[in-house]
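The values are calculated or read from the model by the stated rules, or taken from the named source; none is laboratory data. This one's a predicted model, so the numbers in the text were calculated from it and none came from an experiment. Heads up, the Cβs are rebuilt from the backbone with ideal geometry, glycines too, and the neighbour counts pull from every protein chain shown. Accessible surface is based on the protein model in full, side chains and every heavy atom, while ligands, DNA and RNA are left aside. Shrake-Rupley method; radii C 1.70, N 1.55, O 1.52, S 1.80 Å.
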Amino acid sequence: MELNVHVCLHSYDMVHYGHSNQLRQAKAMGDYLVVGVHTDEEIAKHKGPPVFTQAERYKMIRATKWVDEIVEGAPYVTTLETLDKYNCDFCVHGDDITLTVDGKDTYDEVKRMGRYRECKRTQGVSTTDLVGRMLLLTKSHHSNVDNADYQLHKDNFGKGPKGHSPWTGVSQFLQTSQKIIQFASGKEPQPGDTIIYVAGAFDLFHIGHVDFLETVHKQAEKPYVIVGLHFDQEVNRYKGKNYPIMNIHERTLSVLACRYVSEVVIGAPYAVGKDLLDHFKVDLVCHGKTEVFSDTDGTDPYAEPKKRGIFRVLDSSNNLTTDVIVQRIIENRLQFEARNQKKEAKEMAVIEWCCCGFTFLIINGRFICVSCK
């Protein structure tokens, strides 16, 4: 049977569960998913400075479990030549708009030739929003209240000079059981599997986490990796500041999208105790070289696995942390503010402009004037 091959192209800067959901939907449209990732130079030209390097972004996408192959340095404008070069039947993108530096639709050619498909954008997350959360340095992003700090965040990062774009801005992510099912592998441990447990915040899931989990995965011939995610309040207790940047629901999907993870414990206890180890029949407990904070009573949260002789400290040789990412954002604040406002302005220009002065609607990926259609 002939394979249905398709390609998904994006900058994939600050890869989050919204990107993962796009890739999940794209994979469901065919048999083999090729993902094109743009270079730093292309992103800077059309959108502004990327948060992560291209090498980091390539590795993040490779670690996403729905991806079969990636194309490094994919062109920003998708053409039929690009699809044919990689033997792809069609191109997939979200239902938001992607524009070049001069405001043109990057998928115009493949749309006109009928080789374009759309998947639904994941509401409640965007790179713009995450950057704004880091710059705020408050805990307001953990709640639904529309307080002054969060409103300021929306004004700075979700609005451009001409109004509010439907693709750029802040919205509240609402977790559902169906979404977790879609992301989960659904596989249970099999006889002969080595059950490995790791725990942490895994906030702003990034390449440092990926390298660690890949190292964990390599600890056994048949690994079954369980990740315990701490509740937001617990993470804030031991990390302080405005952490976690992403709430427990967002972190759950981010971790489940990783190909090295088999299962996630949502709201795992901080202390890895007897009940947890026995319940999951854990063979090995791993931790990275980052600091281990004491439990609320001052005890070692890994005392029990150490006592059993199943605790192992791993060095992934990657020093990237959530703190480092936040620092990158803070150091380049003005650049990222300008980037977000520029992106918003381009989107609003496309929406508001028409020969008759009316607004465009997007129908089946094409811009249709509400008056002229």
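Is the range 113-134 home to any residue that is acidic (Asp, Glu) and either open to solvent by less than 60 Å² (accessible area, probe 1.4 Å) or modelled with pLDDT of 70 or more (or both)? Steps first, please.
Initial filter on the range 113-134 (acidic (Asp, Glu)): 118, 129.
When the remaining residues are screened for being either open to solvent by less than 60 Å² (accessible area, probe 1.4 Å) or modelled with pLDDT of 70 or more (or both), the result is 118, 129.
Among the residues of the range 113-134, at least one is acidic (Asp, Glu) and either open to solvent by less than 60 Å² (accessible area, probe 1.4 Å) or modelled with pLDDT of 70 or more (or both), which makes the answer yes.
Going through the range 304-331 one residue at a time, which ones are touching a residue at least 40 places away in the same chain (Cβ under 8 Å) and of a type in the set (Asp, Glu)? Correct list: Asp315 only.
With respect to the conditions (1) under 30 Å from His249 (Cα atoms); (2) open to solvent by 10 Å² or more (accessible area, probe 1.4 Å); (3) at pLDDT 90 or above, Asp95 lacks only one, and its number is (3). The single condition among (1) of a type outside the set (D, E, K, R); (2) open to solvent by less than 30 Å² (accessible area, probe 1.4 Å); (3) assigned to a loop (DSSP other than H, G, I, E, B); (4) touching a strand residue (DSSP E or B) at 6+ places or on another chain (Cβ under 7 Å) that Val264 does not satisfy is (3).
Restricting attention to the range 198-232, which residues are assigned to a strand (DSSP E or B) and more than 27 Å from Thr296 (Cα to Cα)? I'd like the intermediate steps shown before the answer.
From the range 198-232, those assigned to a strand (DSSP E or B) are 198-200, 223-229; that's our starting set.
Pro223, Tyr224, listed by residue number.
Could you please give the count of residues in the range 297-314 that are open to solvent by 90 Å² or more (accessible area, probe 1.4 Å) and either in a loop (DSSP other than H, G, I, E, B) or within 30 Å of Val51 (Cβ to Cβ) (or both)?
First, the residues of the range 297-314 that are open to solvent by 90 Å² or more (accessible area, probe 1.4 Å): 297, 306-308, 312.
In the following step, the residues that additionally are either in a loop (DSSP other than H, G, I, E, B) or within 30 Å of Val51 (Cβ to Cβ) (or both) were identified as 297.
Selection size over the range 297-314: 1.
Among the residues of the range 178-216, those that are open to solvent by 20 Å² or more (accessible area, probe 1.4 Å), closer than 15 Å to Glu263 by Cα and touching a Lys or Arg at 6+ places or on another chain (Cβ under 7 Å) comprise Gln182, Asp193, Thr194. The sole residue among Val235, Val272 that is without any contact (Cβ under 8 Å) to a residue 60 or more places away in the chain, of a type in the set (A, V, I, L, M) and outside any strand (DSSP E or B) is Val235. Taken over the range 1-21, the criterion of being at pLDDT 80 or above and either within 14 Å of Leu83 (Cβ to Cβ) or out of contact with any Ser or Thr (no Cβ under 7 Å at 6 or more places or on another chain) (or both) is satisfied by His19 alone.
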